[in-house]
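Enquirer: Can you read through this structure? Questions will come right after.
The values are calculated or read from the model by the stated rules, or taken from the named source; none is laboratory data. This structure is a prediction, so every number in the text was calculated from the model and none was measured. In this analysis, Cβ positions are derived from the backbone assuming ideal geometry, glycine residues included, and neighbour counts consider all displayed protein chains.
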Amino acid sequence: MEFKNLFSPMQVGNVTYRNRIVSAPMAFGLVVQNPEARDFTYRKLEGPAKGGNACVIVGETDVNFTDAIRIPGFRPFDFAKPEEDMETFNAVGEYARRIKKHGAVALAELVHCGKEKVPFAPDQEAIGPVESVNLAGVKVRAMNTDDMERIANDFSVAATYMQKAGFDGVLVHGGHGFIFTQFLSPLMNTRTDEYGGSLENRAKFPLQILRAIREAVGPDFLVELRIDGTDHQPGGITPEETGEFIAMAEPYITSVHVTCGIYEESVKSGTESSMFHPHGLNIDTAAIIKQYTKLPVGAVGGINSPEMCEQAIADGKVDFVILGRQMLADPEFANKAKSGCADQIRRCLRCYKCFPGSPEEGYDDLPFTSEQLALYVGHCTINPLAHLPFNPDTLSPASKCETVLIVGGGVAGLQAAITACDRGQKVILAEQHDYLGGLLRFTDVDVDKPDLRNFKNLLVREVERRNIDVRFNTTVTPENIGSFGADGVIFATGSLPSCPPVCSIEHAHQAMDMYDGKVVPGHKIVMVGGGLVGCEAGLHLQKTGHEVTVIEMVDRVANEAFGMYREALVWEMEKNHMVMMPKTRCLEITPNSVKVENADGVQTLEADTVIYALGMRSVDISALKEAAETQGLKTWVIGDAIAPGKVDQATRSAYLAGIEVGK
């Protein structure tokens, strides 16, 4: 497909964008104050610029260190006096230098979170349009006109700082329940003075901010605005009112980035859409806003295909597209689409690996503190190069060409084969079945996994287009492992379902067998085991016409998940009326029932079919590994062969093993 609209130039203010692809704000802008974070953070932002994007935006930079700062751990400084902290100034400026050297426009995002602030120090407070108590239980002080003047000045000074640091412009974050939303939303702004009531009144303070920025930076500096088309709250912001506000803001800004939602309900309101949201969820809203302005209008949110981008622009719904997590999944998105290689794009899963949520949003089950999260953001399930602790471009070439045998053609084996082959190694991939993809074959059936299926199919295509010797229906044994002529072996043998001792388990069927068609489930189903596999398999069954009850021993279902993904999954289960029974023990299974025990006592659940998902275990490779090492072969163990895990473990461990071959 030719993407002629997507790759046509666009005028934004006095700047020409080389195409219509913009990288959404990524990374916390000031994280580069930490020298240990600089290399991988700069690579994260430089990648999309090198990958062909028109514009790359550095993420959240709070405009002051009292009532705006949202993540703790950053070193305070005065934006008006960059010379007093030249280390920070130079570190921030390095973003712009790296982005611009590849021909992309460099922007920095400016933020004030208003009432969403969680104070971290005695001199910090949360302020907003009205007195309230925020989600974190923090008392919020109502802003006065002095506060407004000070904060408008903070934005203008921070914008000037970015101008001096070498950026082409700033993106003002006016969405997601932060300070612009708080004033513009009739739901949040119930003031009775000149800053409340009508849209004209509610818009006064946001316009004051934008006017102050424009007056400070002059006419040629880009001032782009990220704004909610809707906050998805009853009585909140509508696309029409947002359009009217944009018409008021036109004298001060150069383009509009349409988003949605509020961080208080990040998943449900779509600020970072989940796999259960439609792709491109803000495109139609942007089309409404576009009717109110002559400025370029773009949309962000769940866009992971150039085909969708091209169609939205061709239909006149948007002028440009904004890609966030997709830029982590594949920073070469633009170059691949332009060169006719769209089928080689790794398309974002929206799995929340890169940003699982934050403690400030109320996620108390994260395995991170706020400071750790700032350093963690940017990992990716399907791109093993994302957030590496070293620069893959600086890897030395393999010192010699070797033959490597990869045992297993699942995700880990496929990624290892791709990486080793690209490093110039001879690869033999032995798969005991007549297909590739391993456990991910279930995605061919699961109604919620089209993006994961795309990834599995991409890996298969990538192997097929390389000179990789794939041997189907081939079982590697201790007796024949030496017959392949390999110098080393990568074990990607995966995992198998566990079957713990449960009374009469023979009357139940393993969850993965349901996907393979080995089991034809009846209407009423009891799923024994409410971990991720049980919940996701149960959800698929519920959506395809069955009635599913999930029982789980521990306190909550999907317990190994956390943050936004777990919230999205459980919310989807609730919306589809699945029955969830945590803190419930399975006592006995019969052909048509399950006896369980919980706080309500012992009860019997009727079932047409009983399915279990009680964990996974690694395939035992001890004899294989010993045979290989006895014959002097180098060995690596990757993916679920290490321990049952998720796709991100498979891709990362596979990549790291692949680059070791030939050393």
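Enquirer: Can you run down the residue pairs with Cβ atoms below 9 Å, 6 or more apart or on separate chains, where the first is in the stretch 312-325 and farther than 11 Å from S8 by Cα and the partner is buried (at least 22 other Cβ atoms within 10 Å of the Cβ) and acidic (D, E)?
Expert: Pairs that qualify, where the first residue is farther than 11 Å from S8 by Cα and the partner is buried (at least 22 other Cβ atoms within 10 Å of the Cβ) and acidic (D, E), are G324/E272; R325/E272.
Enquirer: Still on this structure: Would you list the strands (runs of 3 or more DSSP E) that sit entirely within the stretch 1-55 and hold 2 or more residues that are assigned by TED's automatic domain parsing to the domain that holds G169 and closer than 26 Å to E371 by Cβ?
Expert: Result: 21-26.
A quick yes/no check of all residues on (1) β-branched (V, I, T); (2) surrounded by fewer than 16 Cβ atoms within 10 Å (Cβ to Cβ); (3) more than 26 Å from the chain's Cα centre (by Cα):
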site: E84; (1), (2), (3): no, yes, yes
site: K100; (1), (2), (3): no, no, no
site: K117; (1), (2), (3): no, no, no
site: Q124; (1), (2), (3): no, no, yes
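Enquirer: Here is a further query. What number of residues within the stretch 83-107 are among the aliphatic types (A, V, I, L, M) and not in a helix (DSSP H, G or I)?
Expert: Residues that pass the stated criteria total 4.
Enquirer: I'd like the full set of residues that are hydrophobic (A, V, I, L, M, F, W, C), farther than 21 Å from A96 by Cβ and surrounded by fewer than 22 Cβ atoms within 10 Å (Cβ to Cβ), limited to the stretch 1-29.
Expert: If the condition is that a residue be hydrophobic (A, V, I, L, M, F, W, C), farther than 21 Å from A96 by Cβ and surrounded by fewer than 22 Cβ atoms within 10 Å (Cβ to Cβ), then M1, F7 are the ones that fit.
Enquirer: To continue, here is another question. Out of contact with any His (no Cβ under 6 Å at 6 or more places or on another chain) and in the same structural domain as N480 (by TED's automatic domain parsing), is that true of V447?
Expert: no
Enquirer: Determine the pairs where a residue that is in the same structural domain as A417 (by TED's automatic domain parsing) and in a loop (DSSP other than H, G, I, E, B), located within the stretch 456-477, has a partner that is surrounded by 16 or more Cβ atoms within 10 Å (Cβ to Cβ) and of a type outside the set (G, A, S) with Cβ atoms under 6 Å apart, the partner being 6 or more residues away or on another chain.
Expert: Qualifying pairs under 6 Å: R466/C421; I468/C421; I468/V427; I468/L429; F472/E431; V476/V407.
Enquirer: Has the stretch 388-398 got at least one residue that is among the hydroxyl-bearing types (S, T, Y), surrounded by 23 or more Cβ atoms within 10 Å (Cβ to Cβ) and more than 30 Å from G482 (Cα to Cα)?
Expert: Within the stretch 388-398, not a single residue is among the hydroxyl-bearing types (S, T, Y), surrounded by 23 or more Cβ atoms within 10 Å (Cβ to Cβ) and more than 30 Å from G482 (Cα to Cα).
Enquirer: Here are some residues: A628, A623, A537. Which one is under 27 Å from Y363 (Cα atoms), in a helix (DSSP H, G or I) and either assigned by TED's automatic domain parsing to the domain that holds R350 or touching a residue at least 40 places away in the same chain (Cβ under 8 Å) (or both)?
Expert: Among A628, A623, A537, only A537 is under 27 Å from Y363 (Cα atoms), in a helix (DSSP H, G or I) and either assigned by TED's automatic domain parsing to the domain that holds R350 or touching a residue at least 40 places away in the same chain (Cβ under 8 Å) (or both).
Enquirer: Any residue in the stretch 359-376 that is within 24 Å of V460 (Cα to Cα) and either buried (at least 20 other Cβ atoms within 10 Å of the Cβ) or in contact with a Pro (Cβ under 6 Å, 6 or more places away or on another chain) (or both)?
Expert: Within the stretch 359-376 (the criterion being within 24 Å of V460 (Cα to Cα) and either buried (at least 20 other Cβ atoms within 10 Å of the Cβ) or in contact with a Pro (Cβ under 6 Å, 6 or more places away or on another chain) (or both)), the answer is no, since none of the residues qualifies.
Quick grid of which residues meet (1) within 20 Å of V267 (Cα to Cα); (2) of a type in the set (S, T, N, Q):
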{"residue": "G362", "(1), (2)": "yes, no"}
{"residue": "F368", "(1), (2)": "yes, no"}
{"residue": "E371", "(1), (2)": "no, no"}
{"residue": "A374", "(1), (2)": "yes, no"}
{"residue": "V377", "(1), (2)": "yes, no"}
{"residue": "N383", "(1), (2)": "no, yes"}
{"residue": "L388", "(1), (2)": "no, no"}
{"residue": "A398", "(1), (2)": "no, no"}
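Enquirer: Another one. Scan the stretch 50-67 for residues that are in contact with a Lys or Arg (Cβ under 7 Å, 6 or more places away or on another chain) and under 26 Å from P9 (Cβ atoms) and jot them down.
Expert: Within the stretch 50-67, G52, A54 meet the criteria.
Enquirer: Under 8 Å between Cβ atoms, which residue pairs at least 6 apart in sequence (or on different chains) link something in the stretch 166-179 that is on the phi > 0 side of the Ramachandran plot with a partner that is charged (D, E, K, R) and part of a loop (DSSP other than H, G, I, E, B)?
Expert: Qualifying pairs under 8 Å: G177/D231.
Enquirer: Could you list all residues from the stretch 352-375 that are touching a residue at least 60 places away in the same chain (Cβ under 8 Å), assigned to a loop (DSSP other than H, G, I, E, B) and charged (D, E, K, R)?
Expert: K353, D365
Enquirer: While we're on this one: Residues in the stretch 566-589 that are among the aliphatic types (A, V, I, L, M), surrounded by 21 or more Cβ atoms within 10 Å (Cβ to Cβ) and in a helix (DSSP H, G or I): how many?
Expert: 3
Enquirer: Taking the conditions exactly as written (touching an Asp or Glu at 6+ places or on another chain (Cβ under 9 Å) and more than 24 Å from L199 (Cβ to Cβ)), does E84 satisfy them or not?
Expert: Yes.
Enquirer: Another question about this same structure. So in the stretch 537-557, with the set limited to residues that are of a type outside the set (A, V, I, L, M) and within 16 Å of D448 (Cβ to Cβ), which one is surrounded by the fewest Cβ atoms within 10 Å (Cβ to Cβ)?
Expert: Filtering the stretch 537-557 for residues that are of a type outside the set (A, V, I, L, M) and within 16 Å of D448 (Cβ to Cβ), the one surrounded by the fewest Cβ atoms within 10 Å (Cβ to Cβ) comes out as G545.
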